[in-house]
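Novice: Structure in structure tokens, see below.
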Amino acid sequence: MLQSFDERNADILVNINGELMHRDAARISPFDSVVQGGDAVWEGLRVYDGRIFRFRQHLDRLHASAKAVGFTVIPSHDDIMTEVRRTLEANGMRDGVHIRLTLTRGEKITSGMDPRLNTKGPTLIVLAEYKAPVYDRSGLVLATSSIRRFPRHMLDQRIHSNNLLQSIMAKIEATNAGADDALMLDEHGHVAETNATHLFFVHDGVVSTSDVVACPEGVTRSVVLSICEADGIPCTVRDISLEEAYAADECFCTGTMGELAGVVRIDSTTIGDGAIGAMTDRLSARFAEVVAAEAESVL
């Protein structure tokens, strides 16, 4: 799965600390913490007809991640919402848009890891692009990566940080294997997530997903769990072995950038009958209904 360039994004304006700049002129300092050590947190948002789904939940997670890594200054939800709105308005964007929010610890007075070198406050980057859900709806192929997700006592994966080298290395392995994305395991060999999304499996009508121990808490994942509860669909959150993943009737991944997308093969094993399953279709349709009902107006 390789994203393609959308010509509508050729002249977008990027918002950096409230200043709107053409994408070719947008720059941050080489002394910024995200350059120095990947010291930043991020969120992905999706815009539907002038509305953003679970906007405040995403901002809650951004704030929690920034607090967990010791940011001393964190912009308020209202301030971030204002900059998102300004960015969308400046670009004339209303629908079919994905936003990458990045909050770095900010610029340092000299290069180094010590956060005490950060004296200017954080850097907020709002990058809005025209971007449809990125996954092939005919079905994804995953390849199990040799890269394991860190256990919580090494690095808490609930922190949504810009230190993504682990995911990038897994993605490279998947690409070299001819797959769309990587399936990543935790330290015990249980399914954690893909390099970019959460995973769900269906066995005999029961929907299962991994506990968020070796991966971030997902907003789209939480919506799917809520839908299952509301609709009386049996659902469990538990450890899932790779062998159970192979034996699933259906598999799908969830995320803001790709919404819900079915998985038809993992490694050399075809999932179910090799087609998108009925439960995946049902939950995808229900997800669209929840988005339509709950997305918050920003324009």
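Novice: Contact list please: Cβ distance under 6 Å, first residue in segment 63-77 and part of a helix (DSSP H, G or I), second residue surrounded by fewer than 19 Cβ atoms within 10 Å (Cβ to Cβ) and at pLDDT below 95, pairs at least six apart or on different chains.
Specialist: Listed by first residue and then by second, the contacts come to SER65/ILE159; ALA68/ILE159.
Novice: In segment 255-270, what count of residues is obtained for those that are assigned to a loop (DSSP other than H, G, I, E, B) and at positive phi?
Specialist: Count: 1.
Novice: Something else about it: Could you list, in sequence order, all residues of segment 208-245 that are of a type outside the set (Gly, Ala, Ser) and closer than 19 Å to ILE147 by Cα?
Specialist: Selection gives ASP211, VAL212, VAL213, CYS215, PRO216, ASP239, ILE240, LEU242, GLU243.
Novice: Next question, about the same structure. Tell me, please, whether a residue that is of a type in the set (Lys, Arg) and farther than 20 Å from GLY139 by Cα can be found in segment 171-179.
Specialist: Within segment 171-179, none of the residues are of a type in the set (Lys, Arg) and farther than 20 Å from GLY139 by Cα.
Novice: Return the pairs, sorted by first residue and then second, in which the second residue is assigned to a strand (DSSP E or B) and among the acidic types (Asp, Glu), the first residue lies in segment 141-159 and is touching a residue at least 60 places away in the same chain (Cβ under 8 Å), the beta carbons are less than 6 Å apart, and the residues are 6+ apart or on different chains.
Specialist: Going by the 6 Å Cβ cut-off, the qualifying pairs are LEU142/ASP181.
Novice: From VAL212, VAL219, grab the single residue that is over 23 Å from ALA143 (Cβ atoms) and not hydroxyl-bearing (Ser, Thr, Tyr).
Specialist: Of VAL212, VAL219, the one residue that is over 23 Å from ALA143 (Cβ atoms) and not hydroxyl-bearing (Ser, Thr, Tyr) is VAL219.
Novice: What about ASP204, is it over 17 Å from the mean Cα position of the chain (by Cα), crowded, with 17+ Cβ neighbours inside 10 Å and under 19 Å from CYS251 (Cβ atoms)?
Specialist: On the way: over 17 Å from the mean Cα position of the chain (by Cα): yes; crowded, with 17+ Cβ neighbours inside 10 Å: no; under 19 Å from CYS251 (Cβ atoms): yes.
So ASP204 does not fit the description; no.
Novice: Next question, about the same structure. Restricting attention to segment 206-253, report how many residues are under 22 Å from LEU62 (Cα atoms), free of Cβ contacts under 8 Å to residues at least 60 places away in the same chain and in contact with a Gly (Cβ under 6 Å, 6 or more places away or on another chain).
Specialist: Number of matching residues: 0.
Novice: Could you please find all residues in segment 151-183 being more than 25 Å from LEU103 (Cβ to Cβ), outside any loop (DSSP other than H, G, I, E, B) and of a type outside the set (S, T, N, Q)?
Specialist: ILE172, GLU173, ALA174, ASP181, ALA182, LEU183
Novice: Just give me the residues in segment 273-292 being touching a residue at least 40 places away in the same chain (Cβ under 8 Å) and touching a strand residue (DSSP E or B) at 6+ places or on another chain (Cβ under 8 Å), in sequence order.
Specialist: Within segment 273-292, GLY274, ALA275, ILE276, GLY277, MET279, THR280, LEU283, PHE287, VAL291, ALA292 meet the criteria.
Novice: May I pose another question? Given the criterion in contact with a helix residue (DSSP H, G or I) (Cβ under 8 Å, 6 or more places away or on another chain) and either β-branched (Val, Ile, Thr) or over 20 Å from HIS98 (Cα atoms) (or both), identify the matching residue among VAL290, VAL264. Explain how you work it out, then say what you get.
Specialist: Details: VAL264 fails: in contact with a helix residue (DSSP H, G or I) (Cβ under 8 Å, 6 or more places away or on another chain).
So the residue among VAL290, VAL264 that is in contact with a helix residue (DSSP H, G or I) (Cβ under 8 Å, 6 or more places away or on another chain) and either β-branched (Val, Ile, Thr) or over 20 Å from HIS98 (Cα atoms) (or both) is VAL290.
Novice: Can you tell me which residue among ASP281, ASP273 is assigned to a loop (DSSP other than H, G, I, E, B) and farther than 30 Å from GLY92 by Cβ?
Specialist: ASP273
Novice: Looking at segment 1-23 only, could you name the residues that are hydrophobic (A, V, I, L, M, F, W, C) and either assigned to a helix (DSSP H, G or I) or surrounded by 10 or more Cβ atoms within 10 Å (Cβ to Cβ) (or both)?
Specialist: Answer for segment 1-23, where residues must be hydrophobic (A, V, I, L, M, F, W, C) and either assigned to a helix (DSSP H, G or I) or surrounded by 10 or more Cβ atoms within 10 Å (Cβ to Cβ) (or both): MET1, ALA10, ILE12, LEU13, VAL14, ILE16, LEU20, MET21.
Novice: Please enumerate the residues belonging to segment 229-240 that are surrounded by fewer than 21 Cβ atoms within 10 Å (Cβ to Cβ) and either under 16 Å from the mean Cα position of the chain (by Cα) or within 30 Å of VAL41 (Cα to Cα) (or both).
Specialist: Selection gives THR236, VAL237, ARG238, ASP239.
The values are calculated or read from the model by the stated rules, or taken from the named source; none is laboratory data. Nothing here was measured: the structure is a model prediction, and the numbers come from that model. Glycine gets a Cβ as well: all are built from the backbone with ideal geometry, and neighbour counts include every protein chain shown.
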